[in-house]
Amino acid sequence: MSNRPRGRWLAALWLLPFAAFFLVFQLAPLAWVALNSVQGADGWGLANFAKAFNSKFYRQAMQFSLEISLWSSLFGLIIALVGSYSLRQVDSRLRNFVTAFANMTSNFAGVPLAFAFIILLGFNGAITLLLKQSGLLTDFNLYSKVGLIVVYTYFQIPLGVLLLYPAFDALREDWRDAASLLGASPWQYWRLVALPVLMPALLGTFVILLANALGAYATVYALTTGNFNVLPIRIAAMVAGDISLDPNLASALAMILVAMMALVTVVHQWILRRSYHGRR
């Protein structure tokens, strides 16, 4: 019994480096951005937020960021769900290869990814020309909102597979057999048994994918040379000062981005809580 307090103190001591890292590289920058967001030329206030929300240009950046992030996260989640389930049904060697490939491609983003998509799906890309010659594609612009959703969905899929694949351990094979014996169709099994069990993992993965898309910068910048209006591009432009330098407004936009993510997280926790109480 006497060793337990000592073990707890030792465990807490090992946590100190992580706590220091979290404080210096997570909380301190966030606090600095929050303080700068309410500081302006006339002193403290919400003038930066008022400027952001009163500007049609910045409201469009918020809208495009949300639309691209939501759609790419949803498409990536659906494809990752189907892919993760399919991996459970194939040979272990193929499963290990696909898992390793997903682990590698989850880090394939930024400038190399943008360059690859330009070669394949740009105006004169290899796949674009083939589809146009075959008559399957008439009007596609990689550098538009739809094109960015396609690119974002691509780098969401490997991350979604890595996050969802372990969640299928919660599904037992005898549940499917029991549902079949009771007369349930495959659709009823997934709707009433499998999806409710997987729902916490699905919602958690969706939140992570959304955060991944909301904060993406290098890919969209390399693809559009900073000409597409999303929040990370606007924040970087005001911090870099190529045209105008306004770090306080950039901080306000960054806090709006944080608020979007916080809102999604709160909704996620609320849905999980309702689902937990409903099962009880």
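Could you do me a favour and compute the accessible area per residue for the chain, 1.4 Å probe, result in Å²?
Details: 17300 Å² over 280 residues.
Spelled out: the 1.4 Å probe surface of the chain, per residue, equals 62 Å².
Any chance you could run the full-extension gain for M104 through W270? It's 0.36 nm times the residue separation minus the Cα-Cα distance, nm to one decimal. Walk me through the numbers on the way to the answer.
On the way: separation 166, 0.36 × 166 = 59.76 nm, distance 3.36 nm.
Answer, rounded to one decimal: 56.4 nm.
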Item to check | Reach of K56 by Cα under 12 Å, taken over aspartates and glutamates that are not fewer than 8 positions away in the same chain | outcome: none
Checklist entry - To the nearest Å, what is the center-to-center distance of segment 1-74 and segment 138-186, using C-alpha atoms only? => result 30 Å
Next on the checklist: Quick check on the chain: helices-only [θ] at 222 nm, where DSSP H runs of length 4 and up contribute -39,500 (n - 2.57) each and the sum goes over total residues. Nearest 500, please.
Outcome noted: -24000 deg cm²/dmol
Checklist outcome for this item: Share of accessible surface on carbon and sulfur in the chain, whole %, 1.4 Å probe and ligands ignored, is 68 percent
Checklist outcome for this item: When the chain is treated as a Gaussian network with springs between alpha carbons less than 10 Å apart, the largest mean-square fluctuation among F49, F64, F97 is found at F97
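Does the chain classify as rounded, prolate or oblate by the C-alpha gyration tensor (a ≥ b ≥ c root eigenvalues; a/c under 1.5 gives rounded; else a/b over b/c gives prolate, otherwise oblate)? Don't skip to the answer; put the middle values down first.
Details: a/c = 1.88, a/b = 1.15, b/c = 1.63.
Since a/c reaches 1.5 but b/c is at least a/b, the shape of the chain is classed as oblate.
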Item to check | Whichever lysines have a C-alpha closer than 26 Å to that of K132, once near sequence neighbours (fewer than 8 apart) are set aside | outcome: K145
Checklist entry - Taking R0 as 35 Å, what's the FRET efficiency between L16 and R95 from their Cβ-Cβ distance, rounded to 0.05? => result 0.35
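Looking at the square roots a ≥ b ≥ c of the eigenvalues of the Cα gyration tensor of segment 140-226, which shape do they give, rounded for a/c under 1.5, prolate if a/b is larger than b/c, or oblate? Present the calculation step by step, with values, prior to reporting the outcome.
Values: a/c = 4.14, a/b = 2.68, b/c = 1.54.
Prolate, since a/c reaches 1.5 and a/b exceeds b/c.
Let me make sure I get this right: for segment 20-118, a, b and c are the square roots of the gyration tensor eigenvalues over alpha carbons, sorted descending. Under 1.5 in a/c it's rounded, otherwise prolate if a/b > b/c, else oblate. Which is it? Intermediate results must be reported in sequence, preceding the final value.
Details: a/c = 3.06, a/b = 2.07, b/c = 1.48.
Prolate is the answer for segment 20-118, as a/c is 1.5 or above and a/b outweighs b/c.
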Item to check | Amide hydrogen neighbours beyond the local backbone of F228, cut-off 5 Å, H modeled | outcome: none
Next on the checklist: Which of G76, G215, G125 ends up with the largest GNM mean-square fluctuation for the chain, with Cα atoms connected below 10 Å?
Outcome noted: G125
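May I ask you to list, by number, the DSSP H helices of the chain whose Cα span along the axis is at least 20 Å and whose average Kyte-Doolittle hydropathy reaches 1.6 or more? Write down the numbers at each step before the final one.
Values: long enough: 3-22 (28 Å, 0.42); 56-87 (45 Å, 0.82); 145-164 (27 Å, 1.73); 195-214 (27 Å, 2.09); 247-279 (48 Å, 0.79).
Going by DSSP H runs, the hits are 145-164, 195-214.
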Checklist outcome for this item: GNM of the chain, Cα pairs under 10 angstrom: of G40, G183, G226, the biggest fluctuation goes to G183
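The values are calculated or read from the model by the stated rules, or taken from the named source; none is laboratory data. Since we're looking at a predicted model, the values are computed, not measured. Positions of Cβ are backbone-derived with ideal geometry, glycine not excepted, and every protein chain shown enters the neighbour counts. Protein only, heavy atoms only, side chains kept; ligands, DNA and RNA dropped before computing areas. Shrake-Rupley method; radii C 1.70, N 1.55, O 1.52, S 1.80 Å.
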